[in-house]
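Asker: If you scroll down you'll find the structure; I have some questions about it.
The numbers here are math on the coordinates, done by the rules we state, and not lab data. Only a predicted model underlies this, so the values are computations on that prediction, with no experimental measurement involved. Quick reminder, even Gly has a Cβ in these numbers, built from the backbone with ideal geometry, and neighbours come from all protein chains shown.
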Amino acid sequence: MVEQVGIRLRSRLVRRKPLEDLMAEPEHAGGLKRSLGLGHLTMISIGATLGTGIFVVLGEAVPVAGPAIVVSFILAGITALFSALSYAELAGMIPASGSSYSYTYATLGELIAWVCGWCLVLEYGVSVAAVAVGWGQYLNELLRLLFGFAIPDALSQPPGAGGVVNVPAVAVVVLAMVVLLGGAKESARVNAIMVAIKIGALLMFCAVAFTALRAGNLTPFFPLGLAGMSAGGAKLFFSYIGFDAASTAGEEAKNPQRDLPRAIVLSLVIITALYCLVALAAVGAMPWGRFEGAEAALSQVLSDATGGGSIWPLLLSVGAVVATSSVVLTVLYGQTRILFAMSRDGLMPGVFAKVNRKGVPASNTVLVSLFIAVLAAFVPLGSLADATSIGTLFAFGLVNLAVILLRRRNPDARRTFRVPFSPVTPLLGVGFCVYMMFSLGAITWVAFGLWMVGGLALYFGYGIRRSRLNDQAA
């Protein structure tokens with residue numbers, strides 16, 4: 001009897017969602033409207049990514065790596081590239097809202113799919129909170145430049161960072177929620193405008209900072225050794241989170257098989273080039289030791305480069321506020337679509353899959369936004385960034401494995417993009433993800449372990465009994 005129960009349990013944990021069902025599901029069960037083209041999808045990925053590391057985390061990463069922060073960005077970008085290629089292949093095959101959660105459901109089974117989805121909840125939800133915290137920092141910088149005052153720490157910092165509650169972080173999450181409730185196409189238009197502004201702001205920063213570049217600021221290039229460069233790369237991987245955001249829009253893309261792979265790869269190329277350019281300009285214009293404790297590092301670089309009193313820091317602060325607003329908007333969008341897919345499969349409560357007349361999962365959007373607003377109000381930035389990185393790396397590793405398994409199990413399935421040199425490239429993707437995960441600190445691993453314990457408790461207490469695959473088995 002016990003043996004039969006064990007066999008039944010194991011069969012539930014490894015059951016896979018048929019690839020054919022995943023490929024057909026958006027056509028008959030989604031409820032979301034197809035309204036996004038290649039430009040929209042590319043801007044969603046750029047919007048979800050560009051700005052997070054440069055505007056928010058750079059000040060924390062430079063003291064870890066020194067001038068080698070430029071190489072750290074390249075290392076993190078290469079790690080992201082291997083996973084981006086895998087995402088591109090799977091997004092072209094499976095145009096569903098679930099991103100890597102849906103891909104692992106078809107390859108590694110329900111339990112691993114749940115773990116992946118739970119990591120995505122960590123990746124998207126916590127990164128929104130982290131960027132919202134950074135948004136408040138740049139808002140304060142803008143207020144200082146414009147009016148000579150800032151929001152008091154008690155109302156602009158979380159507990160543990162000198163404050164009581166982070167009101168600006170809550171405000172930007174609520175604003176993003178309002179925009180998302182207007183519909184996917186309308187949100188994409190707002191995002192496209194914000195992306196154009198923040199790219200312009202970063203190019204302006206480079207033009208000004210390079211005028212103050214000093215070769216002495218770049219030597220020694222590896223003051224903290226290769227270990228420092230690697231640690232910087234692991235911390236900066238947070239800044240690449242979001243390139244996969246286009247894959248969460250699989251059910252709202254007009255031509256997902258063609259446009260999703262293009263959007264993912266194109267956005268990552270643009271992002272990596274800009275990151276490296278801005279990082280080189282920043283450490284070349286200001287000694288790396290001065291980045292320690294800098295909340296708005298790029299504004300400080302411009303102030304030093306221009307001698308203060310210039311309009312350039314003001315323009316950059318405007319760009320930073322817009323940039324981080326765009327990240328909050330697009331990553332929050334991705335979070336709601338992940339939960340939509342998990343709810344439709346029965347692994348999350350049904351409220352997350354309900355869609356209103358506009359084709360928007362409204363209840364989902366409101367609930368997620370309120371949770372993230374609370375997180376942003378009370379948790380410091382550094383803890384949020386590292387926790388996000390480890391969850392993302394774990395999910396990316398699973399996506400690379402999914403490519404290898406689907407090539408073996410479904411070699412004849414239609415693929416609009418194929419990862420070159422498979423299985424070598426996906427295996428390198430797994431290797432880089434594991435390497436970067438072990439570059440993170442012990443406290444981050446403890447937090448990740450606790451998050452996983454909570455997720456598994458939710459799955460075994462709710463998801464395994466409510467799974468839609470139970471109905472198919474019956």
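Asker: How much length is gained if the chain between residue 413 and residue 196 is pulled fully straight, taking 0.36 nm per residue apart and subtracting their Cα-Cα distance, in nm to one decimal?
Answerer: That pair, residue 413 and residue 196, stretches by 74.4 nm at full extension.
Asker: With charges only on Cβ, +1 for K and R and -1 for D and E, what is the dipole size of the chain about its Cα centre, in debye, rounded to 20?
Answerer: It works out to roughly 1180 debye.
Asker: Take every Cα pair under 8 Å in the chain that's 6+ residues apart, average their separations, divide by the length, and report that relative contact order as a whole percent.
Answerer: Result for the chain is 32 percent.
Asker: To continue, here is another question. Using a cut-off of under 15 Å, list every residue of the stretch 107-136 whose amide N is near the label point 7 Å from the Cα of residue 422 along the Cα-to-beta-carbon line.
Answerer: Correct set: 107-108.
Asker: Name the longest site-free stretch of the chain, where the excluded sites are trypsin sites (Lys or Arg not before Pro) in a DSSP loop with no more than 12 other beta-carbon atoms within 10 Å.
Answerer: The answer is 1-213.
Asker: Please find the FRET efficiency linking residue 356 to residue 207, where r is the Cβ-Cβ separation and R0 is fixed at 45 Å, and quote it to the nearest 0.05.
Answerer: The calculated FRET efficiency here is 0.50.
Asker: Starting with the fewest neighbours, write out 286, 437 ranked by other beta-carbon atoms found within 10 Å of each beta-carbon.
Answerer: Arranged by neighbour count, lowest to highest, 286, 437 become 437, 286.
Asker: Using only alpha-carbon positions, what ratio does the radius of gyration of the stretch 329-446 give when scaled by 2.2 N^0.38 Å?
Answerer: Cα Rg divided by the expected 2.2 N^0.38 Å: 1.33.
Asker: Of 54, 44, 311, how do they rank once you tally other Cβ atoms within 10 Å and put the fewest first?
Answerer: Placing the least packed residue first, the sequence is 311, 54, 44.
Asker: Within a 10 angstrom radius of the beta carbon, how do 135, 288, 114, 451 rank from fewest other beta carbons to most?
Answerer: Ascending Cβ contact count within 10 Å gives the list 451, 288, 114, 135.
Asker: Where does helix 167-180 land angle-wise versus the long Cα axis of the chain, in degrees 0 to 90, nearest 10?
Answerer: 50 degrees
Asker: Over the C-alpha atoms of the chain, what are the Rg and the largest Cα-to-Cα span, Dmax, in Å?
Answerer: So, for the chain, Rg and Dmax equal 21.7, 79 Å respectively.
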